[in-house]
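Working notes, structure below.
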Amino acid sequence: MTKHLQLATHVLAVSFCSAGFLAAGFLAASQAAVAQSPTPRLYRASSIEWVQEVSGSFSAGKFVKVKSSNGSIRVQGAQQNSITYTIREHVRATTEDRARRELNRMRFTTYSSGDTVVLQADCEGSRQGAIDFDIQLPAQTSVVRLETEGGRVAANNLSGRVEAKTGAGGIQLDRISGVISVSSGGGNIEIGKVGNDVEASTGGGNIRLVSAAGHVTAKSGGGNLKIGWAKVMTLQTGAGSIQVTKCDGKIKAETAGGNIELNDIAGTAEIETGGGSIHIGPVQGGVRAETSAGGIMAKLASGGAPFTDSKLETQVGDIVVYVPEGLGVNVRAAVEAARSYGIRSEFGELKITSPTRNLGPREFYAEGSLNGGGPILHVHTTAGNIEIKREIRP
């Protein structure tokens, strides 16, 4: 049985349906790409799963798009001039006949037009099917777009732009030199060492990134964010924690209810959590940190980016600030209802005003210029204590 596809000039297409037939047709004045004829192989993977596999190759393009209605996608960059692929169709069936009937509802196509190569799978006719792609392509491919409605996406060793989207699965990327833009409906996102800007979002999973030589924008509906190093960061999660090892510039971190830990920040920091603790520092460019219910510990630093007006505020919790030698600031601190000592300072320049009697809320205030003065440092807690300490360098 043969099924012919309608193809435009300079386009080669391969259509494969799982009853075991293959159709290929092309109209081209000159062949821009030639696909090898796939030989399907059907085998039983388990007592209730059958897999049909086909492999092929064709000339590479600058732009590659892979799309599956259900299944995983794996792309590997390599030092080669062609695209090679293996496509696996998975179905659940107890007998070979039932498997073939289910497989016959599924379809994939591959085609090339000019600089664009497309591999596409359609599993919507199958009730229990999935089509997986395993692809090798030239590492220097300019743009790679990967999309699946239900499966995992992985790509590595590519120098161009990578875009990936999955409706529910996880995403894993590593050794990508170009710009990255990825999203998942709810899976985890794992990104290794990459060389450019990164934009990553997930409906509820965790996001982990080792390093990126650019601006990182990461957003999760409720997962944890763990970022190693990047130049600039914008981080947001609906309920999880945020942890950063190092940022060379400005950072903005926000969570509705988790803890935030930011280490070694060379620029300014904007931090907000609806109900967790905040740990930051050393931070060179100034900090604005706010939490509704949690403590704040901040280590300020000098000698890098110019320090700017800063603010540390919590509704319920203690605040501890470390100020190093050489960093001049004007401190304005207030405790509305102290839970014990109110305000303590290791700087004699800081004048502390304590309540004259113990009736009512125990309010404390402190003001003074440290290390010659400079930008304003506001420190405020509604219910808690404040400590201003000297940062002693080893």
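The values are calculated or read from the model by the stated rules, or taken from the named source; none is laboratory data. Not measured: the values here are computed from a predicted model. Cβ coordinates were reconstructed from backbone atoms using ideal geometry, including for glycine residues, and neighbour counts include every protein chain displayed.
Considering each residue of the stretch 196-240, count those that are more than 22 Å from Gly186 (Cα to Cα) and of a type in the set (S, T, N, Q), and give that number. Residues in the stretch 196-240 being more than 22 Å from Gly186 (Cα to Cα) and of a type in the set (S, T, N, Q): 2 in total. Six or more apart or on different chains, Cβ under 7 Å: which pairs go from a residue in the stretch 365-384 that's touching a residue at least 24 places away in the same chain (Cβ under 8 Å) and within 9 Å of Glu336 (Cα to Cα) to one that's hydroxyl-bearing (Ser, Thr, Tyr) and not in a loop (DSSP other than H, G, I, E, B)? Could you list them? Close Cβ pairs (under 7 Å, with a partner that is hydroxyl-bearing (Ser, Thr, Tyr) and not in a loop (DSSP other than H, G, I, E, B)) amount to Tyr365/Thr353; Thr381/Thr314; Gly384/Thr314.
Kindly indicate whether Ala45 is surrounded by 22 or more Cβ atoms within 10 Å (Cβ to Cβ), of a type in the set (Gly, Ala, Ser) and at negative phi. It is false that Ala45 is surrounded by 22 or more Cβ atoms within 10 Å (Cβ to Cβ), of a type in the set (Gly, Ala, Ser) and at negative phi. Just to be sure I understand the filter: pairs with C-beta atoms under 6 Å, separated by 6 or more residues or on different chains, first member in the stretch 130-148 and in contact (Cβ under 8 Å) with a residue 24 or more places away in the chain, second member surrounded by fewer than 21 Cβ atoms within 10 Å (Cβ to Cβ) and among the aromatic types (Phe, Trp, Tyr). Which pairs pass? Close Cβ pairs satisfying both conditions: Val143/Phe63. For the stretch 258-292, a residue qualifies if it is surrounded by 19 or more Cβ atoms within 10 Å (Cβ to Cβ), in a loop (DSSP other than H, G, I, E, B) and at positive phi, and exactly one does: Gly286.
Note on the stretch 75-94: among residues that are of a type in the set (Gly, Ala, Ser) and more than 22 Å from Gly150 (Cβ to Cβ), the one that is surrounded by the most Cβ atoms within 10 Å (Cβ to Cβ) is Gly77.
Before we move on, is Gly195 surrounded by 20 or more Cβ atoms within 10 Å (Cβ to Cβ) and over 15 Å from Lys226 (Cβ atoms)? No, not satisfied. The residue that is surrounded by the fewest Cβ atoms within 10 Å (Cβ to Cβ), among those in the stretch 95-116 that are in a loop (DSSP other than H, G, I, E, B) and at pLDDT 90 or above, is Thr95.
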